[in-house]
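Read the structure below first, then the notes.
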Amino acid sequence: MAAPTRTPRPHWIDAGLRALASGGPEAVRIDTLARELGVTRGGFYWHFKDRRVLLDEMLDTWERRSTDEVLERVEREGGDARDKVRRAGMLTFSRELLPIDLAVRDWARRDPAVGERLRRVDDRRMAYLRRLIGTFDTDADDVEARAMLAFALAIGNHFVAAGHEGRSRADVLDLAVRRILS
């Protein structure tokens, strides 16, 4: 008789991240995840001591994917500093990562430990931007301002509902990025 197949740990984490993105940390429920994965909740306890451990591992996965993996890919693909800034923004706030990032930001408003983790992630992202921008702008104040504007644009544009007077959103975003990086 074959040994029972267990749902792999990463499947639980990915299901948890999807739930987080769609409904916040309150939506990350063991029963709901088990139903989504088509397994019993007992399988959860094979991998995780409790829900808190799952939430921590979800945050670890988000951090790794949205910083380590993004920065490694940007560096591996190369290009000049401006290209790297653009690529880092596109990858960090991609269709896959953006909903999770926004959910973590919302969660951080209510949970100081998540807020500290978000600060660490954002500090790494800002340090990377500063380093890249510093290769073509040597004024420390300009570097800090450009890094902040680039980062704020990458996050904030997802919250702006305004139209752009006959221009496409993509054209306006491209124009804004070119201004920041000129």
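With respect to the conditions (1) modelled with pLDDT of 95 or more; (2) part of a helix (DSSP H, G or I); (3) surrounded by fewer than 20 Cβ atoms within 10 Å (Cβ to Cβ), Val104 lacks only one, and its number is (3).
Each row is one residue, and each column tells you yes or no for (1) in contact (Cβ under 8 Å) with a residue 40 or more places away in the chain; (2) over 18 Å from the mean Cα position of the chain (by Cα).
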{"site": "Glu77", "(1), (2)": "no, yes"}
{"site": "Lys84", "(1), (2)": "yes, no"}
{"site": "Arg105", "(1), (2)": "yes, no"}
{"site": "Leu118", "(1), (2)": "no, no"}
{"site": "Asp141", "(1), (2)": "no, yes"}
{"site": "Gly166", "(1), (2)": "no, yes"}
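Of all the listed residues (Ala34, Ala21, Ala27), the sole one being surrounded by 16 or more Cβ atoms within 10 Å (Cβ to Cβ) and under 27 Å from Ile155 (Cα atoms) is Ala21.
Note on segment 88-100: among residues that are surrounded by 15 or more Cβ atoms within 10 Å (Cβ to Cβ) and either small (Gly, Ala, Ser) or free of Cβ contacts under 8 Å to residues at least 40 places away in the same chain (or both), the one that is farthest from Leu129 (Cα to Cα) is Leu97. For segment 137-166, a tally of residues being over 26 Å from Gly24 (Cβ atoms) and surrounded by 15 or more Cβ atoms within 10 Å (Cβ to Cβ) returns 7.
Based on this model, can you work out whether Thr61 counts as polar (S, T, N, Q), part of a helix (DSSP H, G or I) and either modelled with pLDDT under 95 or over 21 Å from the mean Cα position of the chain (by Cα) (or both)? No.
Candidates Val104, Val121, Val143: the one that is among the β-branched types (Val, Ile, Thr) and farther than 14 Å from Ile155 by Cα is Val143. Evaluation of Arg179 against the conditions (1) part of a helix (DSSP H, G or I); (2) under 24 Å from Asp101 (Cα atoms); (3) not acidic (Asp, Glu) shows that the sole unmet condition is (2). When residues in segment 132-170 are screened for being charged (D, E, K, R), within 29 Å of Asp106 (Cβ to Cβ) and modelled with pLDDT of 90 or more, 2 of them pass.
Being modelled with pLDDT of 95 or more, under 22 Å from Gly78 (Cβ atoms) and not polar (S, T, N, Q) is a description that applies to Leu129. Mind checking whether some residue in segment 112-122 is surrounded by fewer than 16 Cβ atoms within 10 Å (Cβ to Cβ) and among the small types (Gly, Ala, Ser)? Yes - at least one qualifying residue is present in segment 112-122.
The values are calculated or read from the model by the stated rules, or taken from the named source; none is laboratory data. Because the structure is predicted, anything quoted here is derived from the model rather than measured. Methodologically, a virtual Cβ is constructed for each residue, glycine included, from the backbone with ideal geometry; neighbour enumeration extends over all protein chains shown.
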